[in-house]
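Following: one structure in structure tokens, then a few remarks.
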Amino acid sequence: MGATMMNKRKPPVTTDTLNFLRHNVYNVSDLTRKNKLTEILQKFVHPTEEVFVVENAKNKDAKAAIISLSYFEELLRYKEAIDQAADELVETEAMKRLNDDSPKLKFAEAFSNDVFDFNEVIKESKD
């Protein structure tokens, strides 16, 4: 229980956090009125992993990140690699189960007797 409680704690606010909020979070109105979008896009002329957050003050759920296209592409490659690895694990496990020759009680056989053995059905469903 202690580990669960520790995971729910919010990270401490640091000067890095404050600097990020001060320099990388913009209200959508600031971007349109103050020409900030052009300034932000200029930062992406050279490769960078810098991230900017844009939010709508009228709708707290309306948020987006601005990142360089090359950095976004890199992140997508990581995601695709993880998705592919997960698919391969599932496929490998499915093939292993398909090729498993151990005798199993068929679901219909479990119900064919007059006596219904619920524990047997549960056991077979786990296998």
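No value in this document is a laboratory result; all are computed from the given coordinates. Bear in mind the structure is a predicted one, so any value in this text is a computation, not a measurement. Neighbour counts are summed over all protein chains in view; Cβ atoms, including those assigned to glycine, are modelled from backbone coordinates with ideal geometry.
Check residue 60 against each of (1) part of a strand (DSSP E or B); (2) surrounded by 12 or more Cβ atoms within 10 Å (Cβ to Cβ) and name the one condition it does not meet.
Just one mismatch for residue 60, condition (2).
Anything in the stretch 30-46 that is more than 15 Å from residue 66 (Cα to Cα) and surrounded by 11 or more Cβ atoms within 10 Å (Cβ to Cβ)? List them, or say none.
Across the stretch 30-46, the qualifying residue is only 34.
Counting only residues that are within 13 Å of residue 20 (Cβ to Cβ) and within 18 Å of the chain's Cα centre (by Cα), how many does the stretch 52-72 have? Step through it out loud before you land on a result.
So the first thing to find is which residues in the stretch 52-72 are within 13 Å of residue 20 (Cβ to Cβ), and the list is 52-53, 65.
Now drop any that are not within 18 Å of the chain's Cα centre (by Cα), which leaves 65.
Of the residues in the stretch 52-72, 1 are within 13 Å of residue 20 (Cβ to Cβ) and within 18 Å of the chain's Cα centre (by Cα).
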